[in-house]
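Worksheet for the structure shown next.
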């Protein structure tokens, strides 16, 4: 049995750079953590725009459970990058 196809997400989040990294350290010397577009959108909607997970899920066209899992992964990646001085690369 094959896994279900990934549901398309409505991501309106636009960013100008390709990465967020510590200053004065070349990108080649920093460990990079990829942050997916849907993870960034979920962070923005729930943490910056103060929407509930259900409201964020409705905006992105996915369930509340999907938003909850996406947020957990995104928050862990951001916390790891900030605490260990790693780069967050937007994909």
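Some points to look at:
- Check on residue 72, surrounded by fewer than 14 Cβ atoms within 10 Å (Cβ to Cβ) and part of a helix (DSSP H, G or I): yes
- Total residues in region 27-36, condition out of contact with any strand residue (DSSP E or B) (no Cβ under 7 Å at 6 or more places or on another chain) and at pLDDT below 90: 1
- Taking region 38-58 as the range and being part of a helix (DSSP H, G or I) and surrounded by fewer than 18 Cβ atoms within 10 Å (Cβ to Cβ) as the test, the residues that pass are 44, 47, 48, 54, 55, 58.
The values are calculated or read from the model by the stated rules, or taken from the named source; none is laboratory data. These numbers were taken from a predicted model, which means no experiment stands behind them. Here the Cβ is made from the backbone with ideal geometry for all residues, glycine too, and neighbour counts use every protein chain on show.
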